[in-house]
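Enquirer: First the structure, which I've put down as structure tokens, then a few questions once you've had a look.
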Number of protein chains: 2
Amino acid sequence: MNVVNESPRRKELTRLAAQLFVQEGFDRTTVRMLAQEMGIKSGSLFHHFRDKQEILAAVIEEGTQNALTLARHALEQCGGSAEDRLHAMARAHLETLLTDRNAHVVALYEWRRLDSEARAHLSHLRDAYEALWEAVIDEALDDGLIRGDRFLVSRFVMGALNWTVRWYDPEGPRKPEDLAHELIAMIAPSTQAAQAVSTKV
Amino acid sequence: MNVVNESPRRKELTRLAAQLFVQEGFDRTTVRMLAQEMGIKSGSLFHHFRDKQEILAAVIEEGTQNALTLARHALEQCGGSAEDRLHAMARAHLETLLTDRNAHVVALYEWRRLDSEARAHLSHLRDAYEALWEAVIDEALDDGLIRGDRFLVSRFVMGALNWTVRWYDPEGPRKPEDLAHELIAMIAPSTQAAQAVSTKV
DNA sequence: GGTTTACACTAGCGCTTGCTTGGTTGAACT
DNA sequence: AGTTCAACCAAGCAAGCGCTAGTGTAAACC
């Protein structure tokens, strides 16, 4: 087995695996299918990954790690107002959902297939990401930008955003930027975003 | 095979199957596990269902059918204002998500495991349900209750609601009624619901 | 020049899978 | 009393599953 977790070959294989997992689902994707997609025989696969589970974990880790990095970066770059920060988070979320789409779909649909060990490790990553969201939502609440229960609002917003993987078409006219704008206009009535929307109608 | 689709025995078996599908996922649930849960042998299962796929279709159909019926009933019962109707839909949605939780979780997670035939049939049911939502959202837009793009708003709302199956705890203090209220307060600023929330804070 | 290392191969083991076959049972109906 | 029929069972087939063992090879390193 490959001891270096971050070999470039392994990264490429992880990317291909993500694609197959989305197409077929984790359970229906056989190691033989994975190997064929990678251009090797099924036995060779276990040189790179200890077992099939580890491939799943690698896919999800990759996606979550990227989301976390992107969100942190977006928060550093954006302005300091609550609206700016909320918008930056929504936009970053949608962008990672788009660029790492396969990995995130796998994370959303196949999370329960992880063994307890991998799940514990990845839960920490996910919690770190959600903590960013809750902090930004807290700011927006303190600022009076939005109203309601902290817990409920953050979950409603995450739900609305994550659901986009089911219907969003990257080829369509709407950009992630636009979606972020519309979402915030929907929940924060007295913003510039909302004014823009209401005058458009 | 059982020709009568609606035999009570079959309904009971469908209910049990839904539970197992949620616990294990469709692919990992074997016909032997299903049979054991039902108290019969695996061979006997195929007296009631043509194949494993048909069990999945039965589970999803049951849940979607109930959701549609409940939503229609809720719309008939409620008042005529846009806010009332929006609230009735949200509440009905959350209630069916709670009472038929297993079936809906299966519908959300295992939809892609349906063969094309079953998918076509069930898509119609689902479209009928979503049409109800879009009509109610149209009314709310016309009424000025909410703002934004019809398509986006309905998808954001459905996302927020469906995401609840991931975190909602029926044993907790929050009732479906409360969630519906909070959601509408979040997206429709000038309602009674929103006033209640803002004075509470 | 010899050893190590990364990556791939072939062959197949042991097990589980969805589903079929042929037959039994007991209650309901004629 | 005879017939029908839904419901169940025991046994097992053919295919596919994840994974292992043992080997080959070309490049990299000492």
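The values are calculated or read from the model by the stated rules, or taken from the named source; none is laboratory data. Just so it is clear, the structure is predicted and the values come from calculations on it, not from any experiment. Here the Cβ positions follow ideal geometry from the backbone for every residue, glycine too, while neighbour counts run over all protein chains shown. Keep in mind that these areas ignore ligands, DNA and RNA; they rest on the heavy atoms of the full protein, side chains included. Shrake-Rupley method; radii C 1.70, N 1.55, O 1.52, S 1.80 Å.
Enquirer: Looking only at region B:111-127, count every residue that is open to solvent by less than 50 Å² (accessible area, probe 1.4 Å) and outside any helix (DSSP H, G or I) and tell me the total.
Expert: 1
Enquirer: Tell me which of these B:Met38 doesn't satisfy, since it passes every other one: (1) at pLDDT below 95; (2) open to solvent by 30 Å² or more (accessible area, probe 1.4 Å).
Expert: Of the numbered conditions (1) at pLDDT below 95; (2) open to solvent by 30 Å² or more (accessible area, probe 1.4 Å), the odd one out for B:Met38 is (2).
Enquirer: For region B:11-25, give me each residue that is within 13 Å of chain A (Cβ to nearest Cβ) and within 16 Å of DNA strand D (Cβ to nearest atom).
Expert: The first filter runs over region B:11-25 and keeps only residues within 13 Å of chain A (Cβ to nearest Cβ), leaving B:21-25.
Answer for region B:11-25, where residues must be within 13 Å of chain A (Cβ to nearest Cβ) and within 16 Å of DNA strand D (Cβ to nearest atom): B:Glu24, B:Gly25.
Enquirer: For region A:2-55, enumerate the residues that are in contact with a Lys or Arg (Cβ under 7 Å, 6 or more places away or on another chain) and within 11 Å of DNA strand C (Cβ to nearest atom).
Expert: Correct list: A:Asn2, A:Asp27, A:Val31, A:Ala35, A:Ser42, A:His48.
Enquirer: Continuing with the same structure: Out of curiosity, is B:Leu86 within 14 Å of another protein chain (Cβ to nearest Cβ), open to solvent by less than 50 Å² (accessible area, probe 1.4 Å), under 18 Å from the mean Cα position of the chain (by Cα) and within 16 Å of DNA strand C (Cβ to nearest atom)?
Expert: Working: within 14 Å of another protein chain (Cβ to nearest Cβ): yes; open to solvent by less than 50 Å² (accessible area, probe 1.4 Å): yes; under 18 Å from the mean Cα position of the chain (by Cα): yes; within 16 Å of DNA strand C (Cβ to nearest atom): no.
Taking the combined requirement at face value, the residue does not satisfy it.
Enquirer: Moving to a separate point now. Please indicate, with yes or no, whether at least one residue in region A:52-61 is open to solvent by 10 Å² or more (accessible area, probe 1.4 Å), under 30 Å from A:His181 (Cβ atoms) and more than 16 Å from DNA strand D (Cβ to nearest atom).
Expert: Within region A:52-61, the first condition is being open to solvent by 10 Å² or more (accessible area, probe 1.4 Å), and the residues that meet it are A:52-54, A:57-58, A:61.
Narrowing the set further to residues that are under 30 Å from A:His181 (Cβ atoms) leaves none.
No, region A:52-61 contains no residue that is open to solvent by 10 Å² or more (accessible area, probe 1.4 Å), under 30 Å from A:His181 (Cβ atoms) and more than 16 Å from DNA strand D (Cβ to nearest atom).
Enquirer: Follow-up question, since we're still on this one. Looking only at residues in region A:136-154 that are open to solvent by less than 50 Å² (accessible area, probe 1.4 Å) and part of a helix (DSSP H, G or I), which one is farthest from the other protein chains (Cβ to nearest Cβ)?
Expert: Top of the filtered list is A:Val136.
Enquirer: Take the residues of region B:61-83 that are over 15 Å from B:Ala135 (Cβ atoms) and of a type in the set (Ser, Thr, Tyr): which is farthest from the chain's Cα centre (by Cα)?
Expert: Per the stated criteria, the residue is B:Thr69.
Enquirer: Let me ask something else. Give me the pairs: first residue in region A:28-47 and away from chain B (no Cβ under 14 Å) and within 9 Å of DNA strand D (Cβ to nearest atom), second residue open to solvent by 90 Å² or more (accessible area, probe 1.4 Å) and of a type in the set (A, V, I, L, M), beta-carbon distance under 9 Å, and six or more apart or on different chains, which are they?
Expert: Listed pairs, sorted by first residue: A:Phe46/A:Met1; A:His47/A:Met1.
Enquirer: Can I ask one more? So which pairs qualify, if the first residue must be in region A:114-137 and under 15 Å from A:His104 (Cα atoms), the second must be surrounded by 13 or more Cβ atoms within 10 Å (Cβ to Cβ) and of a type in the set (Asp, Glu), the Cβ gap must be under 8 Å, and the two must be at least 6 apart or on different chains?
Expert: That search, which allows pairs on different chains as well, returns A:Leu122/A:Glu61; A:Leu125/A:Glu61.
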